[in-house]
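Undergrad: Mind looking over this structure? Questions follow.
Just so it is clear, none of the values below were taken in a lab; they were calculated from the coordinates. These figures come from a predicted structure and were not determined experimentally. Note that each Cβ is placed from the backbone with ideal geometry, even for glycine, and that neighbours are counted across all protein chains shown.
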Amino acid sequence: MPLIQVYYPRGALTLGQRAELGELLTHVIVEIEGGTGADGPTARSIAWVMFHDVDPEAWFIGGKADDTYVSPPGKFLVRVYVPEGSLSKQRKAMVHKAVDDAVFKIFALEPPEKRWPSIFAHIHEWGEGNLGAFGKSHGLADVGAYAGAGNPEIRARSREYIAAHAAWRHAAGFPE
């Protein structure tokens, strides 16, 4: 269950741009997290995108609230929340690129060769069992089972990650 929160300066996005960005981000995160072909109704039902407009005077980059350190299309902070272990290093890089590409696409712009890093994509991983839905705690395997078909290699990597993480916690003496 990915959750994406997009922070942007108030007035920077129209309703149509939010709708387009929400659709783009939903598709790419479901496909990146689950693999090609994972984008379907069940996976989409647990892929949330939320938009937060921020007072432009409350957003500082480099100590300035103006656009000194901002390149077109503007300031964006995109927080992507996923279950711990669901994304390999390669898939995290895919998320970072997809977020950047999606923001530029909704403004019909190409990324300039030289620019300030005013689009940040930050991936947050929540620990195993820290997701709650249907009144119960769920882990990565539960999310995968609910979402259904996905890339077998991604699923195998996720199972290996969960097993290694559990072994590490046990060896280190962490309580349950």
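Undergrad: Report, to the nearest 10°, how far helix 15-34 tilts away from the longest principal axis of the Cα atoms in the chain, using its own Cα long axis and a range of 0 to 90°.
TA: The angle comes out at about 30 degrees.
Undergrad: Could you list S71, S45 in order of exposure, starting from the residue whose Cβ has the fewest other Cβ atoms within 10 Å?
TA: Numbers: S71 16, S45 11.
In increasing order of surrounding Cβ atoms, one gets S45, S71.
Undergrad: Where does each of 77-84, 14-21, 96-103 land if you order them by average Cβ count within 10 Å, highest first?
TA: Taking the mean over residues of other Cβ atoms within 10 Å, the ranking is 77-84, 96-103, 14-21.
Undergrad: Now for a different question. Neighbouring Cβ atoms within 10 Å as the yardstick, rank K89, K64 fewest first.
TA: Working: K89 7, K64 11.
Going from least to most buried by this count: K89, K64.
Undergrad: Placing +1 on the Cβ of each Lys and Arg and -1 on the Cβ of each Asp and Glu in region 18-156, which of A98, W59, W48 has its Cα farthest towards the positive end of the resulting dipole?
TA: Value computed over the given set: A98.
Undergrad: Place a +1 charge on the Cβ of each Lys and Arg in the chain and a -1 charge on the Cβ of each Asp and Glu, then give the dipole magnitude about the Cα centre in debye, rounded to the nearest 20. Walk me through the intermediate numbers first.
TA: Details: 18 positive and 21 negative charges, 48 e Å.
Once rounded to the nearest 20, the dipole reads 240 debye.
Undergrad: Still on this structure: In which sequence would E33, E160 go, from the one with the fewest C-beta neighbours within 10 Å to the one with the most?
TA: Details: E33 27, E160 11.
Ascending number of Cβ neighbours within 10 Å: E160, E33.
Undergrad: Quick check: the angle from helix 152-171's long axis to the longest principal axis of the chain, C-alpha only, nearest 10 degrees?
TA: That works out to roughly 70 degrees.
Undergrad: Mind checking the angle between helix 89-106 and the chain's longest principal axis? C-alpha axes, 0 to 90 degrees, to the nearest 10.
TA: 30
Undergrad: Among rounded, prolate and oblate, which fits region 123-162 when a ≥ b ≥ c are the square roots of the eigenvalues of its C-alpha gyration tensor, a/c under 1.5 means rounded, and a/b larger than b/c means prolate? Each step should come with its number before you reach the end.
TA: Details: a/c = 2.19, a/b = 1.40, b/c = 1.56.
It is oblate, given that a/c is not under 1.5 and a/b is not larger than b/c.
Undergrad: Going by amide H atoms built from the backbone, whose H comes under 5 Å of the H on W126, apart from near neighbours?
TA: Excluding prolines and chain starts, which carry no amide H, the hits are V82, E84.
Undergrad: Also, quick follow-up: Between rounded, prolate and oblate, where does region 3-171 land on the alpha carbon gyration tensor, with a ≥ b ≥ c its root eigenvalues, rounded for a/c under 1.5, else prolate if a/b exceeds b/c?
TA: Working: a/c = 2.04, a/b = 1.83, b/c = 1.11.
It is prolate, given that a/c is not under 1.5 and a/b is the larger ratio.
Undergrad: What length, rounded to one decimal in nm, is gained on full extension from A12 through to W59, with 0.36 nm per residue of separation minus their alpha-carbon distance? Intermediate values should be presented prior to the final figure.
TA: On the way: separation 47, 0.36 × 47 = 16.92 nm, distance 1.29 nm.
The A12-W59 span can extend by a further 15.6 nm.
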